[in-house]
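Written below as structure tokens is the structure these notes are about.
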Amino acid sequence: MFRNFSRPTVHVLIASNHGLFRHGLMSLFKKKLGVKVDVVAEVTNLDSAIEALEKRDVDLVIVDYDDEQLNREDILARFVSGGSQKKVILVSLSNPESAMLYDRRELPLSQFEAWFEAWRTSEDKPSKAFAQQEGHKIRTRSSRMKHFVVAGLLVIVLTVLLILGAGQVRLLPVAASAQAEPIDQLFRLMFFAIAFLFSLIVVFILYSIVVFRRRKGDESDARHVEGNTTLEVTWTAIPLVIVLGLSFLGARSLAEVERPDPKALEVNVIGLQWTWRFEYPRYGIVSNELVLPANKQAILYLSSTDVIHSFWVPEFRVKQDLLPGGEEYVRTLRITPTEIGSYKVRCAELCGIRHAYMESPVLVVSQADFDVWVAQQTGESTDPVERGRKWSNQYGCLSCHSLDGSQLVGPTWLGLFGSEVKLADGRTVIADEAYIIESIRNPGAAIVEGYPNIMPASLGQELSDERIQDIIAFIKTLR
Ligand code: HEC
Ligand SMILES: [Cu+2]
């Protein structure tokens, strides 16, 4: 069984530049152990050590730890990790009190005897024998596959549990804007990816800690691995592809989130310590609550009068800073609310002592309710027909169009809606909403037969869609 030590003599190679080192060692061997020691060779550098080892049969290589001239690292690298079967130890004799033995671990030299006995009575490679019997199953290809399969299954199970578990927790509040859709999609995708990556890492760590833990009595070193190019290329390439894919998806959702609607409702949002102000330039409204019609894009022009604030309505998902500094620093944010309801805008940038209280109501209402709100704010009638009559007067329409069928510069509005209109180019059209809008926005496009093309085109530029709708509502009543 003790193949190497059935022989009564231990063959030793000593590497040192100090003559005294050998003497010290020999007395150690003689004093403590009844073993015959044969110093096969005494060398002073790595090359001669290799040379000696090639020629002679050596059981144990002892390197002088305190020898500055010897390159310890080289020797260890050559004999330990270089795959040599020789047993190599380092011994320090510099100080009799603190003399040391180094064999992967530090031992006081007083334990040399015990160490030597253990080494002698175990086989040449005790650790190897142990590793062979214990680790055999790890080494074979099929058992390695088994570990991968088990760990892989655990990864899948944990990923699924995480995803299902997170479904129970409400990570995000209700999505109340069109912009929330692409953002939430991306968030879900990222969450799945993170759940998977988390499982991958944690499962492999825990699995290794449990299954490949050091068993009692196992003194063996782990297998020495010198890098694995395939693995390294793989774990660089796959994340690279994933990151590129994510940035592509990110850019796409950003474009979607910022897609402009030329008819967006304009609102100036002003942040100040510590409240919000909302201005609707089209209606001349100033408000301390943000009221938005559902399903219509609002473009917010954000600015601050003092420090940096940040406009954040979690239900809308998007967020944007408000900067002081005037015109140049105005930022925009597009929101298309989709869910009628009341929310809250809060400041998401620490802006002073009352930052936490910088909240204002955000109301998403139907278009009809929005019109009522605007009318209330501006003191205007809530009846579109009433408003239509007012606009017709204010914009001077009624100086050219009569309401009672009498003849002015332009055709009368009495019975206009739904009637057949003969045009100067010979066509006949029905006077529906589209025709009336066109007549106002672009008066030269269709001229009524028998009338001059004198209706001012500037009116069409000044009137908002809402006001034209009011005028149409008014014209509809003139039958
Ligand atoms: C300076 C006179 C003038 C003013 C002001 C004017 N229009 Fe006209 N409008 C006309 C004339 C002339 C026509 C017929 C020729 C044409 O079709 O351009 C007409 C045609 C129309 C038509 C098509 C009527 C039909 O019978 O087919 C509509 C609708 C209309 N105007 C709406 C308006 C509105 C709304 C305003 C006010 C915002 C307005 N107009 C202001 C002169 C005027
Ligand atoms: Cu703030």
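The values are calculated or read from the model by the stated rules, or taken from the named source; none is laboratory data. All values derive from a computational prediction rather than experimental measurement. Cβ atoms come from the backbone with ideal geometry, glycine included; neighbour counts cover every protein chain shown.
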Could you tell me whether the stretch 286-305 includes any residue that is assigned to a loop (DSSP other than H, G, I, E, B) and of a type in the set (V, I, T)?
yes
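I need the full set of residues from the stretch 417-434 which are within 20 Å of D465 (Cβ to Cβ), near ligand 1 (Cβ under 7 Å from one of its atoms) and out of contact with any Ser or Thr (no Cβ under 6 Å at 6 or more places or on another chain), in order please.
Pass one, the stretch 417-434, residues within 20 Å of D465 (Cβ to Cβ): 417, 431-434.
Pick out the ones that are also near ligand 1 (Cβ under 7 Å from one of its atoms) and you get 431.
Correct list: empty.
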Among the residues of the stretch 469-478, are any farther than 28 Å from V286 by Cα, away from ligand 2 (no atom under 16 Å from the Cβ) and not hydrophobic (A, V, I, L, M, F, W, C)? yes
> If you check V372 against the conditions, is it away from ligand 2 (no atom under 16 Å from the Cβ), out of contact with any Asp or Glu (no Cβ under 9 Å at 6 or more places or on another chain) and under 30 Å from L292 (Cβ atoms)?
Replying inline: yes
If we ask which residues in the stretch 403-415 are within 14 Å of Y451 (Cα to Cα) and more than 10 Å from ligand 1 (Cβ to nearest atom), their number turns out to be 1
Review point. Does F196 count as within 19 Å of the chain's Cα centre (by Cα), touching a residue at least 40 places away in the same chain (Cβ under 8 Å) and surrounded by 14 or more Cβ atoms within 10 Å (Cβ to Cβ)?
Key: yes
Of (1) within 10 Å of ligand 1 (Cβ to nearest atom); (2) at negative phi, Y357 fails just (1)
Scanning the stretch 308-327 for residues that are touching a helix residue (DSSP H, G or I) at 6+ places or on another chain (Cβ under 8 Å) and not in a loop (DSSP other than H, G, I, E, B), the one farthest from ligand 2 (Cβ to nearest atom) turns out to be E315
When every residue in the stretch 386-408 that is small (G, A, S) and in contact with a Ser or Thr (Cβ under 6 Å, 6 or more places away or on another chain) is compared, the one nearest to I471 (Cα to Cα) is S402
Only one of (1) more than 29 Å from the chain's Cα centre (by Cα); (2) buried (at least 17 other Cβ atoms within 10 Å of the Cβ) does not apply to S366, and that is (2)
Okay, helices (runs of 4 or more DSSP H) sitting entirely in the stretch 65-176 with 2 or more residues that are at pLDDT 75 or above and surrounded by 13 or more Cβ atoms within 10 Å (Cβ to Cβ), I get 112-121, 141-168
Here the residues within the stretch 259-302 that are within 16 Å of ligand 2 (Cβ to nearest atom) and surrounded by fewer than 20 Cβ atoms within 10 Å (Cβ to Cβ) are I270, L272, Q273, W274, T275, R277, N288
Pairing a residue in the stretch 404-416 that is farther than 18 Å from D432 by Cβ with any residue that is of a type in the set (V, I, T) and assigned to a loop (DSSP other than H, G, I, E, B), where Cβ atoms lie under 9 Å and the two sit 6 or more apart in sequence or on different chains, gives D404/T412; G405/T412; S406/T412; V409/I454; G410/I454
Taking the stretch 360-376 and the residues there that are under 25 Å from S310 (Cα atoms) and touching a Pro at 6+ places or on another chain (Cβ under 9 Å), the one that is farthest from ligand 1 (Cβ to nearest atom) would be V362
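Assess whether E386 counts as being on the phi < 0 side of the Ramachandran plot, over 32 Å from the mean Cα position of the chain (by Cα) and at pLDDT below 85.
On the way: on the phi < 0 side of the Ramachandran plot: yes; over 32 Å from the mean Cα position of the chain (by Cα): yes; at pLDDT below 85: no.
Answer is no for this residue.
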Criterion first (within 11 Å of ligand 1 (Cβ to nearest atom), closer than 19 Å to S399 by Cβ and either surrounded by 15 or more Cβ atoms within 10 Å (Cβ to Cβ) or of a type in the set (D, E) (or both)) does L478 satisfy it? no
Restricted to the stretch 29-45 and to residues being at pLDDT below 80 and surrounded by 16 or more Cβ atoms within 10 Å (Cβ to Cβ), the residue farthest from the chain's Cα centre (by Cα) is V37
Scanning the stretch 339-353 for residues that are near ligand 2 (Cβ under 7 Å from one of its atoms) and in contact with an Asp or Glu (Cβ under 7 Å, 6 or more places away or on another chain) gives E349
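Each row is one residue, and each column tells you yes or no for (1) touching a strand residue (DSSP E or B) at 6+ places or on another chain (Cβ under 6 Å); (2) assigned to a helix (DSSP H, G or I); (3) of a type in the set (D, E).
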| site | (1), (2), (3) |
| --- | --- |
| D371 | no, yes, yes |
| R389 | no, yes, no |
| G410 | no, no, no |
| W413 | no, no, no |
| L416 | no, no, no |
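So how many residues does the stretch 435-450 have that are near ligand 1 (Cβ under 8 Å from one of its atoms) and either over 18 Å from G396 (Cα atoms) or free of Cβ contacts under 8 Å to residues at least 24 places away in the same chain (or both)?
Final tally of qualifying residues: 7.
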